[in-house]
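> The structure is given below, and queries will be raised subsequently.
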Amino acid sequence: MHDDTPSVPFWVIGLFGAAFLIGLSIFLQQSNTVALSDQFARQPPPVLPLPALPQLELKDLAPEAQAAARTLWQQLTDGRRSQPIDPVARNSRVQVTIDAIEPIAGGVKVRGTVTNLTNADLMVPISAFELRDSAGERYRAPGTTIANLPPGGSTPLELSVPLPAGRGLLLITELPPDPPLEQRLLIDVQGTQP
């Protein structure tokens, strides 16, 4: 007589199978999330007037905030990364975190993360982001990239903009039906606000 029982218990095989399926699911979710990255371009003036921008002028800030804004621009001028004025904006569905602003040839690169705060998938197109400078210029990405974020999921955000030196910069994130999120990234240190 010989024993027909398998050398490995069935529950161990089931445990390995479940772990494999969970790992595969996580891999597939990550591979479906794309980074939101694009080169933004200056846009023609709008037909209808835009709503007023938050103040991006140095003179409107408290003295310690003025010093911080000058330091930020000095870091960028020296070729170093810097932190934005308002690093985080959020509503009930999304959080936009800007980690760094870096100088690049002819402008700056804004790096951060977009996080889905809901319990459902959230589609975030690159067109949801607009940059405006303190002179009123608008910048948008020509691309059509869309990140599909699972609940609690995040994706990198990388926006390059041809910003003239010294101008203030505002990031506007618009995902209807929520009102737009506004983040002051840079303050105008040269007084170019009209």
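> Which residues, counting only those in region 68-118, are hydroxyl-bearing (Ser, Thr, Tyr) and more than 12 Å from the chain's Cα centre (by Cα)?
Passing the criteria: Thr71, Thr77, Ser82, Ser92, Thr118.
> Does region 92-101 contain any residue that is open to solvent by 60 Å² or more (accessible area, probe 1.4 Å), more than 28 Å from Asp78 (Cβ to Cβ) and in contact with a Lys or Arg (Cβ under 9 Å, 6 or more places away or on another chain)?
no
> Also, I was wondering about something else. List pairs: first residue in region 69-97 and among the acidic types (Asp, Glu), second residue open to solvent by less than 50 Å² (accessible area, probe 1.4 Å) anywhere in the structure, Cβ distance under 6 angstrom, at least six positions apart or on different chains.
What qualifies is Asp86/Gln183.
> When you scan region 161-175, do you find a residue that is hydroxyl-bearing (Ser, Thr, Tyr) and in contact with a strand residue (DSSP E or B) (Cβ under 6 Å, 6 or more places away or on another chain), even just one?
yes
> Applying the selection to region 92-118, what residues are polar (S, T, N, Q) and over 28 Å from Glu64 (Cα atoms)?
Ser92, Thr115, Asn116, Thr118
> If you don't mind, another one. So which of Leu170, Leu159 ends up being assigned to a strand (DSSP E or B), under 24 Å from Ala62 (Cβ atoms) and touching a residue at least 12 places away in the same chain (Cβ under 8 Å)?
Checking each option against the conditions leaves just Leu170.
> Let me ask something additional. Restricting attention to region 109-150, report how many residues are open to solvent by less than 50 Å² (accessible area, probe 1.4 Å), among the small types (Gly, Ala, Ser) and either assigned to a loop (DSSP other than H, G, I, E, B) or closer than 26 Å to Arg80 by Cα (or both).
Here the count works out to 6.
> Restricting attention to region 46-69, does a residue exist that is β-branched (Val, Ile, Thr) and modelled with pLDDT of 70 or more?
No, there is no match, as no residue in region 46-69 is β-branched (Val, Ile, Thr) and modelled with pLDDT of 70 or more.
The values are calculated or read from the model by the stated rules, or taken from the named source; none is laboratory data. Predicted model only: the values in this text are computed from it and were never measured. Cβ: placed from backbone, ideal geometry, glycine included. Neighbour counts: every protein chain shown. Remember, those area values only see protein heavy atoms, side chains included, never the ligands or the DNA or RNA. Shrake-Rupley method; radii C 1.70, N 1.55, O 1.52, S 1.80 Å.
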